[in-house]
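The values are calculated or read from the model by the stated rules, or taken from the named source; none is laboratory data. None of the values given here were measured: they were computed from a predicted structure. Note that we place each Cβ from the backbone using ideal geometry, even for glycine, and neighbour counts take in every protein chain shown.
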């Protein structure tokens with residue numbers, strides 16, 4: 001049995017071109033996301049739009065690690081459960097969460113994480129959480145860095161509705177990276193954020 005609703009994703013894939021048009025999403029590098037096998041998508045985080053935007057551009061379902069509190073929100077909680085999201089405690093000490101993540105990756109699914117842990121201010125990056133390094137080191141699967149720009153303008157923190165057709169959302173997907181042989185979990189987490197930031201530098205260089 002799959003960890004997400006197959007019917008739900010079929011419906012989502014049918015209508016996602018509409019969402020891509022409404023949100024004015026431009027994407028580069030989707031071929032870097034492996035079509036099969038366990039992997040981790042690691043992206044910067046500035047808006048509640050980030051998870052759906054990633055699933056809109058991805059060739060395969062992405063199961064996100066999400067704060068446990070979100071599962072208790074009416075309607076939203078139901079949707080993220082059907083999408084296969086993995087609940088995470090704020091204190092980061094829930095071993096059962098990590099075990100579930102490892103099992104999902106072992107079974108060949110794709111997990112989405114936001115190393116910063118919470119949304120950063122517009123145009124900024126936060127420091128990555130050490131727990132991210134622990135997950136990556138133990139999972140031993142490819143990590144695909146992703147840069148998301150513009151979601152903080154389309155759907156700012158205090159907005160109740162997205163500002164459609166006013167701004168573009170740009171997504172750049174980097175090549176898979178393996179973080180082996182690094183000195184600590186903190187170092188791995190830092191390197192992940194460096195890979196994400198390098199995608200932004202690449203945009204400027206181009």
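No other residue among 27, 53 is more than 11 Å from the chain's Cα centre (by Cα), on the phi < 0 side of the Ramachandran plot and in contact (Cβ under 8 Å) with a residue 60 or more places away in the chain apart from 27. Each residue in the range 34-50 was checked for being within 23 Å of residue 97 (Cβ to Cβ) and either surrounded by fewer than 20 Cβ atoms within 10 Å (Cβ to Cβ) or in contact with a helix residue (DSSP H, G or I) (Cβ under 6 Å, 6 or more places away or on another chain) (or both), and 6 pass.
On the given criteria, is residue 159 under 30 Å from residue 95 (Cβ atoms), without any contact (Cβ under 8 Å) to a residue 12 or more places away in the chain and part of a loop (DSSP other than H, G, I, E, B)? Against the criterion (under 30 Å from residue 95 (Cβ atoms), without any contact (Cβ under 8 Å) to a residue 12 or more places away in the chain and part of a loop (DSSP other than H, G, I, E, B)), residue 159 does not qualify.
Being crowded, with 20+ Cβ neighbours inside 10 Å, in a loop (DSSP other than H, G, I, E, B), touching a residue at least 24 places away in the same chain (Cβ under 8 Å) and touching a helix residue (DSSP H, G or I) at 6+ places or on another chain (Cβ under 9 Å) holds for only one residue in 101, 128, 120, and it is 128. Answer yes if at least one residue in the range 173-184 is within 15 Å of the chain's Cα centre (by Cα), at pLDDT 95 or above, in a strand (DSSP E or B) and surrounded by 18 or more Cβ atoms within 10 Å (Cβ to Cβ), and no otherwise. Checked the range 173-184: at least one residue is within 15 Å of the chain's Cα centre (by Cα), at pLDDT 95 or above, in a strand (DSSP E or B) and surrounded by 18 or more Cβ atoms within 10 Å (Cβ to Cβ).
When residue 96 is tested against (1) crowded, with 18+ Cβ neighbours inside 10 Å; (2) out of contact with any helix residue (DSSP H, G or I) (no Cβ under 8 Å at 6 or more places or on another chain), just one condition goes unmet, and that condition is (1). Listed by position, the strands (runs of 3 or more DSSP E) inside the range 11-73 whose residues that are at pLDDT below 95 number at least 1 are 62-67.
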